[in-house]
């Protein structure tokens, strides 16, 4: 097999693996003229590939461009694998802060309150989309807090509320 054929096969292999990684890349933009989604990197890769095909495959410039494409392919693959591993081993990745707190609390067996107090003093829901069972739980929780406050004030306590007695 001649040197130019080997170089041609290597460049085709690199371009195929690069196109595979670009297909799985999320950095796509819409091409206005054709209406399809095109990655700026794929435009660059196609431009470099045309340059490599037009040059002598044994030239120093061609080898430099192939090396750049190989490094780009490795970078894209590493980024993709990193994102997959992050998603697999960090289940809270991509969640809002409230969702992360709620999930972390559930891992250790705690339940986060379903409401919080806004800056203006009004109660707001911490999680969107509470169902009727959650609303009942919120109302029951409010009732218990009010009962404890009343008992606390009746005894003349001025500090924080004591822990509720253990049930059971």
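Here are the numbers for the structure shown:
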| quantity | calculated |
| --- | --- |
| Filtered residue count, the stretch 45-78, keeping only those that are under 30 Å from residue 94 (Cβ atoms) and surrounded by 15 or more Cβ atoms within 10 Å (Cβ to Cβ) | 5 |
| Qualifying residue in the stretch 82-97 (condition: modelled with pLDDT under 80, surrounded by 13 or more Cβ atoms within 10 Å (Cβ to Cβ) and farther than 19 Å from residue 20 by Cβ) | no |
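The values are calculated or read from the model by the stated rules, or taken from the named source; none is laboratory data. Worth saying up front: this structure is predicted, and the values here are computed from it rather than measured. Backbone-built Cβ (ideal geometry, glycine too); neighbour counts: all protein chains shown.
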